[in-house]
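Here the structure comes first, spelled out in structure tokens, and everything after it is commentary.
Nothing in this text is a laboratory measurement; each read-out follows from the coordinates by a stated rule. All figures in this text were calculated on a predicted structure; none of them were measured in a lab. When we count neighbours, we look across all protein chains shown, and the Cβ atoms used for this are built from the backbone with ideal geometry, even at glycine.
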């Protein structure tokens with residue numbers, strides 16, 4: 001089969017692309033398939049996308065993206081499948097998806113890993129929010145040959161419009177990338193979080209808890225992000241996210257945290273932060289929202305924290321017990337290997353193209 005991947009961002013840049021399908025391309029090649037891809041945004045536009053300003057570059061990049069998408073329509077005849085991650089174009093109704101499925105009669109594999117049918121636009125791109133068309137998700141679901149949903153919550157939404165839905169979880173490559181185990185005997189204790197600026201607000205309610213714990217325990221709060229948080233903590237350490245140092249930075253953590261608010265947007269998330277911690281033998285503390293309750297087995301390979309009292313209690317328990325951190329971390333790693341690794345999910349992903 002010849003497969004065209006249409007994705008929003010340049011290759012090997014965005015986590016959703018890297019960990020949902022790009023890392024499977026070698027397997028598709030092994031199965032005899034041919035993979036080609038096209039991003040909507042070029043690398044220069046991607047670099048400024050979430051920064052304030054740069055309006056000329058953003059407009060130019062979007063126009064270039066629409067041009068590339070238009071040109072690729074004339075090449076569709078040579079492809080057996082068109083894999084669409086989230087959307088073909090970020091603005092306006094789904095004209096491209098309609099043309100691909102209904103006019104050119106191509107089989108669309110529609111993949112999404114967030115509740116993208118809900119409005120959700122960065123504050124740095126307010127103008128874009130006026131041109132977004134989130135309700136197009138249900139139309140694309142209806143036109144798709146198959147749907148690849150990141151979790152059961154997303155799959156339930158998609159099944160309202162199409163019965164051909166597969167749960168294809170976000171997975172990690174555990175042989176060559178997430179392939180180390182945290183040494184919990186490290187001298188400096190660190191409670192860590194990783195994410196983008198858009199998810200930083202989830203940490204707000206934990207700040208008072210961390211401030212109280214700082215008075216009793218010696219530890220660093222490690223934030224891996226593309227933006228500095230506005231928190232008053234005595235031992236806050238910011239590390240700018242980098243793909244080159246991603247694993248080494250994560251391994252600085254002894255405990256990984258993933259707080260969420262219980263709302264319809266958060267329920268669509270695929271637990272990526274927790275999976276990254278766990279894959280490296282780092283016990284995770286997370287809110288029991290959405291798929292987190294499936295990924296983390298409470299009190300076995302991590303903790304699910306219902307309220308502030310839980311967060312403080314379980315953070316204290318792990319801060320005081322290096323042996324417990326190590327034992328939980330090993331079990332967490334095993335959970336990822338068995339259920340959320342590329343190898344464990346390989347057959348599911350490849351079957352999308354049957």
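Observations on the structure shown:
- Stretchable slack from residue 230 to residue 56, in nm (0.36 nm times residue separation minus alpha-carbon distance): 59.7 nm
- Label-point separation in nm, residue 34 to residue 334, each point 7 Å along Cα→Cβ: 4.5 nm
- Angle of helix 55-73 to the longest C-alpha principal axis of the chain, folded into 0 to 90 degrees and rounded to 10: 50°.
- Tail fraction, Cα-Cα pairs, the range 190-339, threshold 24 Å, whole percent: 25 percent
- Each eigenvalue of the Cα gyration tensor of the range 138-230, multiplied by 5 and square-rooted, gives one semi-axis; in descending order these are 39, 19, 11 Å.
- Among 217, 314, the ranking by other beta carbons within 10 Å of each residue's beta carbon, starting with the fewest, stands as 217, 314.
- Relative exposure of 52, 136, judged by other C-beta atoms within 10 Å (fewest first): 52, 136
- Hydrodynamic radius (Kirkwood) for the chain, which is based on Cα pairs only, to one decimal in Å: 21.3 Å
- Helical mean residue ellipticity (222 nm; -39500 (n - 2.57) per DSSP H run of 4+; nearest 500) of the chain: -10000 deg cm²/dmol
- Shape of the range 126-183, Cα gyration tensor, a/c cut at 1.5: oblate
- Applying 1/(1 + (r/R0)^6) with r as the Cβ-Cβ distance of residue 299 and residue 350 and R0 = 45 angstrom yields a FRET efficiency of 0.80.
- With a Förster radius of 25 Å applied to the C-beta separation of residue 308 and residue 218, the computed FRET efficiency comes to 0.70.
- Length released on extending from residue 181 to residue 80, taking residue separation times 0.36 nm less the Cα-Cα span: 32.3 nm
- Peptides ranked, highest mean first, by Cβ atoms within 10 Å: ranges 84-97, 152-165, 25-38: 84-97, 152-165, 25-38
- Under the simplified labelling scheme, the residue 63-residue 145 pair shows an inter-label distance of 3.5 nm, with each label point 7 Å from Cα along Cα→Cβ.
- In nm, spacing of pseudo-spin labels at residue 1 and residue 242 (7 Å Cα→C-beta vector): 3.9 nm
- Euclidean distance between Cα centres, the range 133-198 to the range 37-87, Å: 22 Å
- Directionally averaged shadow of the range 2-168, computed from the convex hull of its alpha-carbon atoms, nm²: 9.2 nm²
- Along its principal axes, the range 240-328 has C-alpha extents of 33, 31, 21 angstrom, given from the largest down.
- Helix 342-351 axis, angle to the chain major axis (alpha carbon atoms, nearest 10°): 20 degrees
- Global geometry of the range 171-215, whether rounded, prolate or oblate, following the gyration tensor of its Cα atoms and the 1.5 cut on a/c: oblate
- Angle in degrees between helix 322-339 and the longest Cα principal axis of the chain, rounded to the nearest 10: 20 degrees
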